[in-house]
1. Is it true that some residue in the stretch 336-346 is among the acidic types (Asp, Glu), out of contact with any Cys (no Cβ under 9 Å at 6 or more places or on another chain) and over 27 Å from residue 396 (Cβ atoms)?
2. Every residue in the stretch 612-622 that is closer than 17 Å to residue 588 by Cα and either of a type in the set (Ser, Thr, Tyr) or surrounded by 10 or more Cβ atoms within 10 Å (Cβ to Cβ) (or both), please.
3. Hey, does the stretch 450-457 have a residue that's of a type outside the set (Gly, Ala, Ser) and touching a Gly at 6+ places or on another chain (Cβ under 9 Å)?
4. Out of the stretch 15-49, which residues are more than 30 Å from the chain's Cα centre (by Cα) and aromatic (Phe, Trp, Tyr)?
5. May I ask you to list the residues in the stretch 705-715 that are touching a helix residue (DSSP H, G or I) at 6+ places or on another chain (Cβ under 9 Å) and either at pLDDT 90 or above or surrounded by fewer than 22 Cβ atoms within 10 Å (Cβ to Cβ) (or both)?
6. When the stretch 844-879 is examined, which residues are found to be in contact with a helix residue (DSSP H, G or I) (Cβ under 8 Å, 6 or more places away or on another chain), over 27 Å from residue 726 (Cα atoms) and not in a strand (DSSP E or B)?
7. Restricting attention to the stretch 817-848, and to residues there that are modelled with pLDDT under 90 and more than 19 Å from residue 764 (Cα to Cα), which single residue is surrounded by the fewest Cβ atoms within 10 Å (Cβ to Cβ)?
8. List the number of the failed condition for residue 208; all other conditions in (1) surrounded by fewer than 17 Cβ atoms within 10 Å (Cβ to Cβ); (2) out of contact with any Leu (no Cβ under 8 Å at 6 or more places or on another chain) hold.
Amino acid sequence: MQDKYTPQDVERAAHAHWTATDAYRVTEDENKKKFYACSMLPYPSGKLHMGHVRNYTINDMLTRHLRMKGHNVLMPMGWDAFGLPAENAALKNKVPPAKWTYENIAYMKKQMQAMGLAIDWSREVATCSPEYYKWNQWLFLKMLEKGIAYRKTQVVNWDPVDQTVLANEQVIDGRGWRTGALVEKREIPGYYLKITDYAQELLDHVQMGNEKATLTGWPDKVRLMQENWIGKSEGVRFAFTHDIQGGDGKLIGDGRMYVFTTRADTIMGVTFCAVAPEHPLAAHAAAGNPQLAAFIEECKTGGTTEAELATQEKKGMPTGLQVTHPLTGAKVDVWVGNYVLMSYGDGAVMGVPAHDERDFAFALKYQLPIKQVVAVEGETYSTTQWADWYGDKQRGVCVNSGVLDGLAYKAAVDKVAELLGPLGEKKTTWRLRDWGVSRQRYWGTPIPIIHCDEHGAVPVPEKDLPVVLPEDCVPDGSGNPLHKHEGFHAGVTCPICGKAAKRETDTMDTFVDSSWYFMRYCDPTNAEKMVAEGADYWMPMDQYIGGIEHAILHLLYARFWTKVMRDLGLVKVDEPFTKLLTQGMVLNHIYSRRTDKGAKEYFWPHDVEHVLDEGGKIVGAKLKNAVGDLPVGTPIDYEGVGTMSKSKNNGVDPQDLIEKYGADTARLYTMFTAPPEATLEWNDSAVEGSYRFLRRVWNLGVKLGQADWTAAAQSAAGAKSLADVAFGKAAKALRLEIHTVLKQVDYDYQRMQYNTVVSGTMKMLNALEDFKQFDDAGAQVAVIEGFGILLRVLYPATPHIAHALWTELGYAGTLGELLDAPWPQVDPGALAQDEIELVLQVNGKHRGSVLVPAGADRATIEAAALASEAFAKAANGAPPKKVVVVPGRLVNVVV
């Protein structure tokens, strides 16, 4: 055993041993209780950062702990390998996305292996592999057969220079992220999945307070986020009538402009209506109004999602058209609003500025009437300043509303629905929209459709799957390279008529890839079935771990995909993830600058130094190393602390840390510094502290290895009952401390509070280091037992050093490999105390302590207190008047 702790040697030896024994291969075992623990699969961006290390170490600690407790634990890993970043890298580096992706996978896999993660690599999947995405295509065709998948036109962000569709996050101030060109809104055909058919079930299972809810093992905040995204709304859909005719002489929309509202009680407060720029009434009005037509074109450069519209400036323009209020008969002006989406509801809203904050701001901006129709007792209404109670439907009653006056919310809604007659009806709507899965990009799963001039869009026959994506394309910014890839289109014929045809060049949203990969882990090499018997054994997943940024879309789509697979008879579960942990992000400083073209360029922290004010506060930053054409000293922007991200160049490469301190130090630091669900701000000095702790553990192991304690080690490891060992006073005290901490650590492991687990190991090490009285065999046994407990408790966090010491000190000879060694049990005998220490007070002031037998009665405690030196000194000869005993805590003598 080497005297000095050398992490590289220790970890290299451990990896060699685990590889040689195939230690982490897992098979289905009906004789063991299964536990499936999975981290969200990473995108192969090139390098891991410490956020990844934290995520996977949480999973690894859980896996190793439960395996020691006798569970059959599966911890797999794969790669979310399709997506736009690979295309961006290809544009920059002039290499195919496939080459870039596979090289990154190989490098990141080596990084994970260096971390010592207990991953069963025999189950590895990469979503860009044809063996994987074949099943994306197969299930898509099944959905098409069932009507769950369908084709329709969609509004997209179109970059006219790159000739490609942009994701919403790639549109910056209305311009393409790369070209700076003004982005256009275009309607193009695409495929959708009917997630709305599952809206009620998706809501039922996640909604707090719902008796059908099954996801009680999820954080409340995530459940609420999902509930809000699904967005069930109960209200009234009704029509404003009109006599506006289109160019064909017919009434537009049959003379009805429909809206949906959850606040039908405010219908008498309507002072305008707003329609989406794409609404037929808007198009009709714009035909004879150049200013309105220009405004509609401007709206097309805005956002396409509800979230985007919520943050952008609300703009509008009158159409000159009017519709008729269905209850009062009054004429209501129609505006075009950039905040109204055609894809939501009917593309029109009623404007009630008195009781809707958005409408209130809009009315003030354009000087539209504001009419109060809801009042709350004791509150005063103002038409110049919004107050939250204006939108309070729970306390309000109708006013200035004729027949509705005095009615509360629910009664008023019922009455409005009755008064509307054939023009309206009660209706439930959903914020959730069907999932558009078509992407006009190259690096993704090809949509298995063939386009025939005669038969239109025809599904690829199942026998011809997978439709293989060419891996030799290098995007050049001129649109999807599949359009001009001869090999992709060569020899394609219509499956119906056999005539020449063309393949669909759209690829699937990468959320498709991540919606079921966790099921493929269960049967990763099955070429005949999407999932098979392995899924019956492992699913549902017992613990899912990932970032809060995936709390809505990824989790929602995975839940939907699971329910579809269930309904197609592929799996037997309703929900994929029983428990969910959203680990906190690892944070680091962010530095950037705007380029001449307006794009944002980020800089690595090691190239930057802070600019401080007189008080030491960071007020800016500048380059301390030349970066590209930028010289040393160039001022840059300091954005504060944010999530580690490759895109922001603020990640810390674990490889540097591993080479300097070892993987165990990196793992220990990420576990100790904060609870798993809390954010962690990177701190270099704290990393050094974790390394020093492990060095102390090693040094104590060396000390124990030098002693001739073989018999003691065997006793401590369980060769004979510890009940037969005669422990002295000091040894009993040590065992009390070790087993007291073990009891707390056991509890902390169960609740996955790994930061306090590490704190517990530090307490154990302190107790063992402080123990000096090696005067009998019992003392030796207590130390060896305590160190064996420490190694097992520490092992899930730092497996390499624990494995080395466990083996070198002979524990493996009795209890076997640490990987499967039995988890240490709290010894009730060790917690039983012969004596207890009570606080001694005199006249209520702390004066010391007294030792009494654990079962001492009141008289014995009083006698011990009065006989103590501490009492004699504090009382100064005064006789005791009264003695108060608080059992197990203190004794107070009044003089």
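The values are calculated or read from the model by the stated rules, or taken from the named source; none is laboratory data. The shown structure was predicted, so the numbers you read here are calculated from the model rather than taken from an experiment. So basically every Cβ, Gly included, is an ideal-geometry build from the backbone, and we count neighbours across all protein chains shown.
1. To start, the set of residues in the stretch 336-346 that are among the acidic types (Asp, Glu) comprises 346.
Applying the additional criterion that residues be out of contact with any Cys (no Cβ under 9 Å at 6 or more places or on another chain) yields 346.
Then keep just the ones that are over 27 Å from residue 396 (Cβ atoms); that gives none.
Within the stretch 336-346, not a single residue is among the acidic types (Asp, Glu), out of contact with any Cys (no Cβ under 9 Å at 6 or more places or on another chain) and over 27 Å from residue 396 (Cβ atoms).
2. Of the stretch 612-622, the ones closer than 17 Å to residue 588 by Cα are 617-622.
Within the stretch 612-622, 618, 619, 620, 621, 622 meet the criteria.
3. Taking the stretch 450-457 first, the residues of a type outside the set (Gly, Ala, Ser) are 450-455.
Still in the list and also touching a Gly at 6+ places or on another chain (Cβ under 9 Å): none.
Among the residues of the stretch 450-457, not one is of a type outside the set (Gly, Ala, Ser) and touching a Gly at 6+ places or on another chain (Cβ under 9 Å), which makes the answer no.
4. Of everything in the stretch 15-49, just one residue is more than 30 Å from the chain's Cα centre (by Cα) and aromatic (Phe, Trp, Tyr), namely 18.
5. So in the stretch 705-715, the residues touching a helix residue (DSSP H, G or I) at 6+ places or on another chain (Cβ under 9 Å) come out as 705, 707, 709, 711-715.
Selection gives 705, 707, 709, 711, 714.
6. 865, 871
7. 837
8. Residue 208 satisfies all of (1) surrounded by fewer than 17 Cβ atoms within 10 Å (Cβ to Cβ); (2) out of contact with any Leu (no Cβ under 8 Å at 6 or more places or on another chain) except (2).
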